[in-house]
Each structure stands twice: as structure tokens, then as C-alpha cells.
Amino acid sequence: MIAVARSRRKIVPSLLRAVIVILGLLLGSLAQAQAVRATVAVPAAQPAEQKILEELQRRVNDGQFSLAYELARSMESSQGDAHFDFLYGVAAVNVGRHAEAVLALQRHLALVPGNDRARLDLARAYFELGDYLRSRQEFEFVLRYNPPADVRANIQRYLDSMQTREMLSNRANVRLYVETGYGIDSNANLGTYNDTLNISGLAGTLIDPTSKGQGAHYAWLAAGSRWVHQVNAPFAVFAGVDVDNKLNDETPQFNAANLTAYTGFSLVSGSILYRLSLSDAVSYVANTRYSGRLSSSGEMQYALGDGLSLSGRLQYAEQSYNNDASYRDSNVQTLGFGVEKALEGAIRPVLGLQLGESWENNLARRNDLSRVMDSWRVSAGISPTDKLGVLVAYSEQLATYQAEDAAFGSVRADTLATLDLIFSYALAPNWTLRADLQRSENLSNQSIYAYRRTLGGVKLRYSF
């Protein structure tokens, strides 16, 4: 186990410190890189290189994208030539090398910003990488210049599909949105379904009625904004904020609200997309601060082509609680890995698997509150149309605590199983309707922590 810090207030996590320093240095260098980029000249092609470029052009024109990509990969010295970068980018996006396509097409557009074909292929590459905000920005840039009807129709299909996928994703990757909804929560306080406690020496003790699960109907309100600035071809910086509020009618004492702010940058290198971010989140219960979470995260996504991608994630977080529960303050380290495969077919199925492990260390040296959490999640999504998306996912989290609980006379061990079903439909440009149903059950060897919950609702989102 990682050693527990003596005082949370006296420690600035080394990882957070490193992230802040690196972010500052990179943002400074990126500003210089932006200025330098404008002065880059397009090198003149030599006769031999010109013949190779003509061959590359022929392969792209004939739709021989695999052969064109292989040839372009052998011509690294030609990077920076506007014509080469355009052909390289078109070939790369058509063989599934989307991160490489982004780099090549960004270089090309820095020199030839009026090439709509390049901008459309760049938008496609961002779409396939899941960077819907930048994809939408590029598509809408082309729409400003009134392209032909067939191009507008194709762009709209992508925009509709992004609306659907965004609502099936955990991340609100849009510029600005507002959302409202209504639903039912069978266990708003995550109370137990047991009637008695199995405490050491006091088996059969009755559970306080306020600790039992309490259901409610709820209203949902949420809003958020995300800003992205493309500094140069490989680098972009981003920032955003999200807020949500769940208002229960029968149990207002369990009303919950969350506020999250984040910032960071992304880097495209070869076929890999990297993200580094800092975030600060605060949770409220009944308008009173309940907990806070300051975290730094590093993520990567590797697009292998043919719809297959790998992802990895590292995170360090510090959790703090209000004065009554400050003994629960902790730090958490998380390591995650994922794989996703998009299959061919009319309904465009996408399969996913995520694995993770977290280590939570209590800062008050309460090892009975420290735990190791292992998790896995499988998911399957389909998009029968560009407007409709369906996702079903099953996950489990196994939490093992690190010392005996004095009250129960045992080491706590929980297994949380969750089944999610989500439907999303793009009603119109900017409007998306989502219906979700979640069924979860937590099994625990300490009866007070065992609970069941069914959470369902319908939400309507408008994205600006």
C-alpha cells in the first residue's frame, strides 16, 4: 500500500505539481510554435520527388487508398509540402489512420486554408477519433460557404450522428448545452434493504428506518460548456464546466448537485491521441457541501484502423469531505485500460470492454476505510440510423477494504453490479432526446451497506 500522508493540507501531490508545471511550459512553447508555423515555406519538389507525388496523386484519384498510404509513409521527408500533406491526409483517413490524418491535414490547411475537401476529411478524422467538438467546428466552417446540396446533406448526417453519440457517451463533448428531464429513483439515499444488522455480538439489531432505502420522483436540470482552441497541428487546449441538479419531490433532504470545472491539452502523435487534464469537482446534498475531488488525469487513445481502438488512463485524485466526515478524506490512484471495436453492418454495432483498478488511501490512517477497487465493464451500442442510438452496458466493481471494521468485527467487502440501457434520438438539429434506465445492486458482507436501486428518466438536451 502507498504510504498515507500525515496531513492533507500540507501536501501538494507531486503528480499535480508536475502536471501544472508541464502544462505551463507547453502552453508557452505552443504559442511560439503557432507564430513559427506561419513562416514555414512550402519546399519545392525535386524532379524525382515530383514523379513520386504524381504516383501518389494517381493512387488517391483511383481510390487505391491502402497503396497510397503505404507510399506516403515512405515519403516522410516530404512532410510540410502542402500537396503531399493533402494526399497523405486523404489516404490516411480512408484507411483508418485518423490521428495521422489529423496531423497531415492540419499542416495542409495551415498553408491552404480554403481547401474544403481537406477540411471535410479533417472533420471526418476528428469524428472517428471521438473528438466531436472539433469535428463539428470543421463541418460548420464548410457549411458557412454554402457547399453543394449533396455535401450539405452528408455533413448533416455526421452532425446528427454526433448528437446521438454524445448523448450515449459519459462526456458532454459539445460547446454549450442545457438539459432538463424527469424520472424515478427507487433509492435516492442508497439505503439498505435489510431490516437487521449483523453486528458482532449483537446479531439481529434493528436498522434505523432512516437508513432504509427511500424512493422519489425527481426533476433534472443540467448545463455545461466546453471550449477548445487548436494551437497548431498536434496541440489543442481545452477547458469546460458542467453542472447538474437532481431535485427529489418526496425526499428533498437527498437533493444532489454537482459542479465540475476542468482544463487541459491534447496532443496527436503518430496514431495516438493523448490528453492531460486537471479537474475540480464539488458535490452538494440538500444545498450543503458534501465532498470535493481534485484530480489530474492522463489519457491516450490508439487508433489501430478498421474500427479498432485502444485506450489507457491514469488518474490521481484527492477527495475531501465536510467537517462531520473529514475522517474520510483520502487520495485515489486509478489505472484503466479499454478496447473498442466498430463492426460493419446496417446497425453499425460498437463493442467495448473497460478494465480498471483503483487504490483509495485514507488520510486519517483509517485502514478500515482504505480500499482496493477492481472493475470491469462490457458494452454494446448500435445506431440503426444516424438519429437513433442504443447502448446496453453491464459493469461490476469489487471493493476490498484493508482492515477490520471494529463495529462489525469483519473486513468489509462489496460487489456493485450495474446494468445500463440508454436510448438517444436526435429530434432536430441541436435537440436530442434521451431515455435511460439503470439497475444496480450492491452486495456486502456488512448488511448496512447492501442496497438495490432502479433509476430511470427521460432528458431533453439543447446544444448550442
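The values are calculated or read from the model by the stated rules, or taken from the named source; none is laboratory data. Please read these numbers as outputs of a predicted model, since none were measured by experiment. As a convention, Cβ positions derive from the backbone with ideal geometry for all residues, glycine included, and neighbour counts pool all protein chains shown. Only protein heavy atoms, including side chains, enter the accessible area calculation; ligands, DNA and RNA are left aside. Shrake-Rupley method; radii C 1.70, N 1.55, O 1.52, S 1.80 Å.
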For segment 46-86: Kirkwood Rh in Å [reciprocal of mean 1/r, alpha carbons]: 10.1 Å
Which translational diffusion coefficient, to the nearest whole µm²/s, is obtained for the chain from the Stokes-Einstein equation, given a Kirkwood hydrodynamic radius over C-alpha pairs, 37 °C and 0.692 mPa s? 132 µm²/s
Could you count how many Lys pairs in the chain have their Cα atoms under 26 Å apart, skipping same-chain pairs fewer than 8 positions apart? 4
What accessible area per residue comes out for the chain, rounded to a whole number of Å², with a 1.4 Å probe? 49 Å²
If you count only protein heavy atoms and use a 1.4 Å probe, how large is the accessible surface of ILE184, to the nearest 10 Å²? 90 Å²
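Give me the net charge of LEU343's neighbourhood, meaning all other residues with Cβ under 15 Å from the Cβ of LEU343; Lys, Arg count +1, Asp, Glu -1.
Residues close to LEU343 contribute a combined charge of -2.
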Note down the relative contact order for segment 280-415 as a percent, whole number, built from C-alpha pairs under 8 angstrom at least six residues apart. 15 percent
Mind listing the Cα extents of segment 301-396 along all three principal axes, in Å, largest one first? 55, 26, 18
Taking only the alpha carbons of segment 353-464, the radius of gyration and the largest Cα-Cα distance, Dmax, both in angstrom, are 18.8, 58
Expressed in nanometres to one decimal, the distance between label points 7 Å along Cα→Cβ at GLU140 and ASN322 is 3.9 nm
Could you check the spin-label model distance between LEU267 and THR180? Points 7 Å from the Cα along Cα→Cβ, value in nm. 4.4 nm
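Apply 1/(1 + (r/R0)^6) to the Cβ-Cβ distance of THR454 and GLU70, taking R0 = 51 Å, and write down the FRET efficiency to the nearest 0.05. Could you put the intermediate results ahead of the total?
Details: r = 53 Å, r/R0 = 1.04.
Step by step, r from the Cβ atoms, then E = 0.45.
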What FRET efficiency would be calculated for the residue pair PHE464, THR251, taking the C-beta separation as r and a Förster radius of 56 Å, to the nearest 0.05? 0.95
I want to check the label-to-label distance for MET300 and THR288. Put each point 7 Å from Cα in the C-beta direction and report it in nm to one decimal. 4.5 nm
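Could you look at segment 286-437 and say what percent of its accessible area is carbon and sulfur, using a 1.4 Å probe and all protein chains? Mind dumping the intermediate values first?
Numbers: 4470 of 7590 Å².
Of the solvent-accessible surface of segment 286-437, carbon and sulfur hold 59 percent.
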Binning every alpha carbon pair distance of segment 228-274 at 5 Å from zero, what are the percents per bin? 5, 17, 16, 11, 11, 9, 9, 7, 7, 5, 1
Per residue of segment 361-370, what does 6.51 cos²θ - 1.76 cosθ + 1.60 with θ = phi - 60° give for ³J(HN,Hα)? Whole Hz please, x for Gly and Pro, Karplus curve as stated. 10, 6, 7, 9, 6, 8, 5, 5, 10, 7
Segment 345-419 and segment 423-463 have their Cα centres apart by a whole-number Å value of 16 Å
I need the calculated FRET efficiency for the pair GLU54 and GLN156, taking r as the beta carbon distance and R₀ as 30 Å, to the nearest 0.05. 0.25
By how many nm would the segment from THR196 to ASP116 grow when fully extended, if each residue of separation counts as 0.36 nm and the alpha-carbon distance is taken off? 22.0 nm
